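The values are calculated or read from the model by the stated rules, or taken from the named source; none is laboratory data. Note that this is a predicted model, so its numbers are computed, not measured. Every residue, glycine among them, receives a Cβ derived from its backbone with ideal geometry; neighbour counts consider all protein chains shown.
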Amino acid sequence: MYADETSVAAARDEYFRDTGFSVAAYGDRWVKLKLGPLPFAFPNSDARRAAVKLHDLHHIATGYDTSWRGEAEIAAWELAGGCGRYWVAWMINAGAFGVGLLISPRRTLRAFARGRRSKTLYHRAFGDDLLAITVGDLRRDLRLSVLPDRRH
């Protein structure tokens, strides 16, 4: 979990180090994932590139990790909080939400309930002003006063 006084930019740098992701990956032509031992890829469209910059900041603010379970949780949270004009976020999150209902239904539904009490960054554009605030300010902005529930 990132400390409230950390800048969003510094937290994102740490998130990238921890996950192996990078700013450079935003420009990749393909998104590559693994479904168990099977590789899976899909195009990294301009719409996805715009959404994933905000999605990554949601991971920082919410505390949901990037495991399949964590992605299902953040998908549920984002759907409940609203994905605004980011159609690709609605689409990808719907699929991840469905996976979450299969692999971790309680945590997925708790994340959805948490999202109903929150708001997302999908109502604003990504920019340096967003990276300059603290993680605490980001959490307050998104109405995230409660840590994620880690029970089954």
*At least 3 residues that are buried (at least 16 other Cβ atoms within 10 Å of the Cβ), among the hydrophobic types (A, V, I, L, M, F, W, C) and at pLDDT below 95 in each: list the helices (runs of 4 or more DSSP H) lying fully within region 83-151 that qualify.*
none
*Cross-chain or 6+ apart pairs with Cβ under 7 Å, region 4-20 first and under 19 Å from LEU144 (Cβ atoms), then exposed (fewer than 13 other Cβ atoms within 10 Å of the Cβ) and of a type outside the set (Ser, Thr, Tyr)*: SER7/ALA132; ALA9/ALA132
*Failed criterion for GLY70 (all others in (1) closer than 25 Å to ASP137 by Cα; (2) modelled with pLDDT of 95 or more; (3) loosely packed, with under 12 Cβ neighbours inside 10 Å hold)*: (3)
_Any hit, region 67-75, residues being more than 25 Å from ASP13 (Cβ to Cβ) and assigned to a helix (DSSP H, G or I)_ = yes
*asked:* Let me spell it out: the conditions are (1) more than 14 Å from the chain's Cα centre (by Cα); (2) in contact (Cβ under 8 Å) with a residue 12 or more places away in the chain; (3) farther than 23 Å from ARG12 by Cβ, and GLY98 meets all of them except one. Which number is the exception?
replied: (2)
*Working only within region 3-22, note down all residues that are farther than 16 Å from HIS55 by Cα and in a loop (DSSP other than H, G, I, E, B).*
ALA3, ASP4, GLU5, THR6
*Pairs under 8 Å by beta carbon, first residue surrounded by fewer than 11 Cβ atoms within 10 Å (Cβ to Cβ) in region 21-37, partner outside any loop (DSSP other than H, G, I, E, B) and of a type in the set (A, V, I, L, M), six or more apart or different chains?*
TRP30/ALA41
*Give region 1-20 a look and list any residue that's surrounded by 15 or more Cβ atoms within 10 Å (Cβ to Cβ) and of a type outside the set (A, V, I, L, M, F, W, C), or say none.*
TYR2, THR6, SER7, ARG12, ASP13, TYR15
*Is at least one residue of region 46-58 farther than 24 Å from GLY100 by Cα and out of contact with any Ser or Thr (no Cβ under 9 Å at 6 or more places or on another chain)?*
yes
*Residue satisfying condition, being under 21 Å from ALA50 (Cα atoms) and of a type in the set (Gly, Ala, Ser), within set GLY136, GLY115*: GLY115
*Among residues belonging to region 23-53 that are part of a loop (DSSP other than H, G, I, E, B) and more than 20 Å from GLU78 (Cα to Cα), point out the one that is farthest from the chain's Cα centre (by Cα).*
PRO37
